[in-house]
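Engineer: Just passing along the structure, written as structure tokens.
Nothing in this text is a laboratory measurement; each read-out follows from the coordinates by a stated rule. Small disclaimer: the values here were computed from a predicted structure and weren't measured. Neighbour counts run over all protein chains shown; Cβ positions are idealised from the backbone, glycine included.
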Amino acid sequence: MSNQIHIYTDSACSGNPGPGGYGIVMLYGSHRKEMYEGFRKTTNNRMELLSVIVALESIKKENIEIVVFSDSKYVVDAVEKNWIGGWVKRGFAKVKNVDLWKRFITIYKKHNVKFVWVKGHASNVENNRCDELAVQASKLPTVHIDYGYEQSLQEGLL
């Protein structure tokens, strides 16, 4: 594992949409970093995707192997089955969370990333820790505004 960064991500949403958050655990050699953030109103899929984006954006080194472990079929399949390629070709027509997918593509291109799906709420210790962080984040007294989500609501896209 010392040559790779392992990223574990998860999200939580109380209602969908509702108050939500994400949790991240990053491992590189003997280093460990945990991050989380809460939002007043969002969706589970947005938090799943945002957790990956935030983790990738936090990596300063380039040309290092990264493995993202996620229990989100939405995120993992979009990348591993190249749904994103089709979305780009169609100009993201009828795709939800376009703001985040565009942000994801920008950061994804800068790294060598592989995605691995893990079963949520199962025996993966780090995924379970991410779930704890995400739930904690969603319940924080001071949370952020998910401007992309709220803008989509105003525009009638959701």
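Engineer: Modelled label-to-label distance, residue 132 and residue 119, 7 Å Cα→beta-carbon offset: nm?
Structural biologist: 2.1 nm
Engineer: Between residue 98 and residue 80, with labels modelled 7 Å along Cα→Cβ, what's the label distance in nm to one decimal, could you check?
Structural biologist: Going from the residue 98 label point to the residue 80 one covers 2.8 nm.
Engineer: Another question, then. For the ranges 61-67, 100-106, 38-44, 113-119, what's the packing order if you count other beta-carbon atoms within 10 Å of each residue, average per peptide, and put the highest first?
Structural biologist: Result, highest mean first: 38-44, 100-106, 113-119, 61-67.
Engineer: For the chain, what is the calculated [θ] at 222 nm in deg cm²/dmol (nearest 500), taking -39500 (n - 2.57) for each run of four or more DSSP H residues and dividing by its residue count?
Structural biologist: Calculated at 222 nm, the ellipticity per residue is -11500 deg cm²/dmol.
Engineer: Let's see if you can work this out: charge +1 on each Lys and Arg Cβ, -1 on each Asp and Glu Cβ, no other charges. What is the dipole magnitude of the chain about its Cα centre, in debye to the nearest 20?
Structural biologist: Using Cβ point charges on Lys, Arg, Asp and Glu, the chain gives about 420 debye.
Engineer: In addition: Kindly identify the chain as rounded, prolate or oblate by the Cα gyration tensor criterion: order the square roots of the eigenvalues as a ≥ b ≥ c, call it rounded if a/c is under 1.5, otherwise compare a/b with b/c, prolate if a/b is larger, else oblate.
Structural biologist: Oblate.
Engineer: Measuring from label point to label point, each 7 Å out along Cα→Cβ, what is the residue 153 to residue 34 span in nm?
Structural biologist: My value for the distance between the label points is 3.0 nm.
Engineer: Beyond a 25 Å Cα-Cα separation, which of these cross-linked pairs lie in this structure: 114/139; 73/109; 81/109; 81/139?
Structural biologist: With Cα atoms farther than 25 Å apart: 114/139; 81/139.
Engineer: Right, here's the next one. In whole Hz and in residue order, list the ³J(HN,Hα) couplings for the stretch 139-145 that follow from phi through the Karplus curve 6.51 cos²θ - 1.76 cosθ + 1.60, θ = phi - 60°; x for Gly and Pro.
Structural biologist: 9, 4, x, 10, 10, 8, 9
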